Structures are given as C-alpha cells and as structure tokens.
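J.: Dropping a structure here in structure tokens format, bear with me for questions.
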Amino acid sequence: MSKTQLHESFASLLEELAALEHQRWAHWQKYVHEKGRRQPDGSLVLPADLVSRWERQFNTFYADLTDEEKNSDRDQVKKYLPILERWLSQACKESDGDV
C-alpha cells in the first residue's frame, strides 16, 4: 500500500469512526437531556444522584471502576470493533497485493 493510499484509507477510517462517535455522543446527550428538568431559560437541572455518580466515574481510573461500569465501557468500544476489523482486513489485503 502506497503512502497516498494509506493516507486516504486512514482518512476514510477517521470519518467512519467520527460518524460512530457522533452517534454515540448524540445518544448520550439524549439520555442526559431526558434525565434533566428543563428550566424556563432553556437550561437543564440534573438530579443530584446522577451528577454525583457521573462525577465519581469521571474522577475514577478505568482500572478502579466497578465490573458493571467496565462492562458498560466495553459495550461502547465493541461498537467500534467491526469498523476497525473491516479496515484492518482491507489494509492487509491491499498490503498483500503490494508484495
């Protein structure tokens, strides 16, 4: 695979992963917004228990999360694996063709 082909392939991978990341983020934002209470000025008030839990989670290293929290993170990452697997498979095929 030439440098140009590799660059183009990475650019395509980047766009596909970015689209999936946006989908993941949008789903999360919808969840957060549904948990909040809309104020007259358009802002949201989130329940204290959720804020407390999320603050604890973002201040915790992955290794120190509960098994349930780790599984939740793994479930999110699993959504990226088919894209990466397909990209790596294609890159290997193209690389084998260059040999």
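What follows draws every value from the coordinates through simple rules; no lab data is involved. Worth saying up front: this structure is predicted, and the values here are computed from it rather than measured. With ideal geometry, Cβ positions are generated from the backbone for all residues, glycine too; neighbour counts draw on all protein chains shown.
J.: Using the Cα centre as the reference, give the magnitude of the dipole from point charges on the C-beta atoms of the chain (Lys, Arg: +1; Asp, Glu: -1; all else neutral), rounded to the nearest 20 debye.
T.: 360 debye
J.: Take every Cα pair under 8 Å in the chain that's 6+ residues apart, average their separations, divide by the length, and report that relative contact order as a whole percent.
T.: This gives 39 percent for the chain.
J.: Identify all lysines with a Cα-Cα distance to K70 below 23 Å; exclude those on the same chain that are fewer than 8 residues away in sequence.
T.: K70 reaches K30, K35, K78, K79.
J.: While we're here: Rank Y62, L13, L50 by how far each Cα sits towards the positive end of the charge dipole of the range 1-65 (+1 on Lys, Arg Cβ; -1 on Asp, Glu Cβ) and give me just the farthest.
T.: Looking along the dipole axis, the top candidate is L50.
J.: Treat each spin label as a single point 7 Å out from the Cα along the C-beta direction, and report the S2 to E34 distance in nm.
T.: Spacing of the two 7 Å Cα→Cβ label points: 4.9 nm.
J.: Over 20 Å, how big is the tail of the calculated P(r) for the range 3-98, in percent of all Cα pairs?
T.: The share of Cα pairs beyond 20 Å in the range 3-98 comes to 58 percent.
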